[in-house]
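**Q** Here you go, one structure.
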Ligand code: IMP
């Protein structure tokens, strides 16, 4: 049986939530392996919309076990708020169905404060973070001063670690950023008050996955953000602070790489990006506005309008390689309806050269000129089409041309927000 990793192949917001939700129907265990509540996965079932930031989207399927791996950074408040919201909507979010790794790092109020302080101190070179404390939490993990979910069972350790972390950070807050110092005892009391609700969720995630695998169960690894926001391979420094690429599903959940048998890349039929950073095919004209409006391109986490542009297959070629994509799910194809011409970027012009792959130096992606191929657009409403052969010929051509350029089979085509609005090829 195939264990699937689902990742975003662009800059996030590709519509992963919907595809995870679809594939979750056939999965027994769903694991998040990186990122935190900077993500926002929107799932529509029978017209009812649920937005999840932290808890795997698979929670909406009653039989799946949902796990939050060691590679995630978890804001305890957000986790509990999501649990409460799910329960309010009649979803079982008990510890029978949901687990957090002992090794998952916790986002604390000083991480959020540091994120905000840094961003407001930057002038032209803002990253445009989601402000959720993601970067500062991963920094503490790398600096070996982070707090992990398993520490919650040991109040003395929690207090000592928070005191230690704040002894450094308070100097930055007060002297560099002209902000108030934080009180270590208060931060620790507040966190420990949540411990009784969080502790039952702690699980040995690697063992849970390993046992499930040995029992022949199917495991789905749910990525967040997108390939080009990866801390190593993305458009550094305008990236998030985790590895978003598929191989990190192994490290971020504690399993061997051999367990990852299938990699599904989610690709939006055009390109969007939130926050700062290079975006070669970005549109600043009425077509860009059309995509933003028609595609409801506003962030599920921050509500910020997303920058919109044509599909960039150079970026996708890199995604195919970095993730080892075995198939693609193409989303939001219906949004392109009404455009006379559809453009696909097939290569870049860069310093008198033609590039089929993104240039590697920092800042170089901002200097490329996209080279486009034009295809005819379509006017038909395709949202109720459920088979590939029933799509208008020019829509099929658009899909097949992407397959040819990227060299990866497009196995799913999404033509609307609802779970059912999907063509499986
Ligand atoms: P951070 O992850 O909050 O540190 O933000 C770093 C960059 O990643 C910013 O440009 C964010 O807009 C972007 N980002 C983070 N999470 C997401 C996401 O889920 N979708 C799209 N962009 C994201």
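**Q** Within the range 324-342, how many residues are closer than 12 Å to residue 398 by Cβ and without any contact (Cβ under 8 Å) to a residue 60 or more places away in the chain?
**A** Of the residues in the range 324-342, 4 are closer than 12 Å to residue 398 by Cβ and without any contact (Cβ under 8 Å) to a residue 60 or more places away in the chain.
**Q** Moving to a separate point now. Tally up the residues in the range 200-224 that are over 19 Å from residue 260 (Cα atoms) and in contact with a strand residue (DSSP E or B) (Cβ under 7 Å, 6 or more places away or on another chain), please.
**A** Residues meeting the conditions: 3.
**Q** Within the range 161-170, can one find any residue that is within 16 Å of the ligand (Cβ to nearest atom) and closer than 29 Å to residue 255 by Cα?
**A** no
**Q** Something else now. Among the residues that make up the range 308-316, is at least one of them in a loop (DSSP other than H, G, I, E, B), within 16 Å of the ligand (Cβ to nearest atom) and surrounded by fewer than 23 Cβ atoms within 10 Å (Cβ to Cβ)?
**A** no
**Q** Please count how many residues of the range 108-148 are in a loop (DSSP other than H, G, I, E, B), in contact (Cβ under 8 Å) with a residue 40 or more places away in the chain and within 19 Å of residue 187 (Cα to Cα).
**A** Number satisfying all stated conditions: 6.
**Q** A further question follows. Only one of 161, 141, 126 is at pLDDT below 95, surrounded by 14 or more Cβ atoms within 10 Å (Cβ to Cβ) and either in contact with a helix residue (DSSP H, G or I) (Cβ under 6 Å, 6 or more places away or on another chain) or not assigned by TED's automatic domain parsing to the domain that holds residue 40 (or both). Can you tell me which?
**A** Step by step, each of 161, 141, 126 is checked, and only 126 is at pLDDT below 95, surrounded by 14 or more Cβ atoms within 10 Å (Cβ to Cβ) and either in contact with a helix residue (DSSP H, G or I) (Cβ under 6 Å, 6 or more places away or on another chain) or not assigned by TED's automatic domain parsing to the domain that holds residue 40 (or both).
**Q** Only residues that are buried (at least 18 other Cβ atoms within 10 Å of the Cβ) and part of a helix (DSSP H, G or I): list them for the range 166-202, please.
**A** 166, 169, 173, 184, 187, 188, 191, 198, 201
**Q** Pick out, from the range 1-57, the strands (runs of 3 or more DSSP E) lying fully within it that include 2 or more residues that are surrounded by fewer than 24 Cβ atoms within 10 Å (Cβ to Cβ) and not assigned by TED's automatic domain parsing to the domain that holds residue 277.
**A** The qualifying strands (runs of 3 or more DSSP E) are 41-45, 48-52.
**Q** Taking the range 95-107 as the search range and keeping residues that are over 18 Å from the mean Cα position of the chain (by Cα) and in a loop (DSSP other than H, G, I, E, B), which one is farthest from the ligand (Cβ to nearest atom)?
**A** 96
**Q** All but one of (1) loosely packed, with under 15 Cβ neighbours inside 10 Å; (2) within 20 Å of residue 101 (Cα to Cα) hold for residue 255, so report the exception by its number.
**A** Against the list (1) loosely packed, with under 15 Cβ neighbours inside 10 Å; (2) within 20 Å of residue 101 (Cα to Cα), residue 255 comes up short only on (1).
**Q** Let me ask you something else. State yes or no: is residue 54 in contact with a helix residue (DSSP H, G or I) (Cβ under 6 Å, 6 or more places away or on another chain) and farther than 23 Å from residue 215 by Cβ?
**A** yes
The values are calculated or read from the model by the stated rules, or taken from the named source; none is laboratory data. This one's a predicted model, so the numbers in the text were calculated from it and none came from an experiment. With ideal geometry, Cβ positions are generated from the backbone for all residues, glycine too; neighbour counts draw on all protein chains shown.
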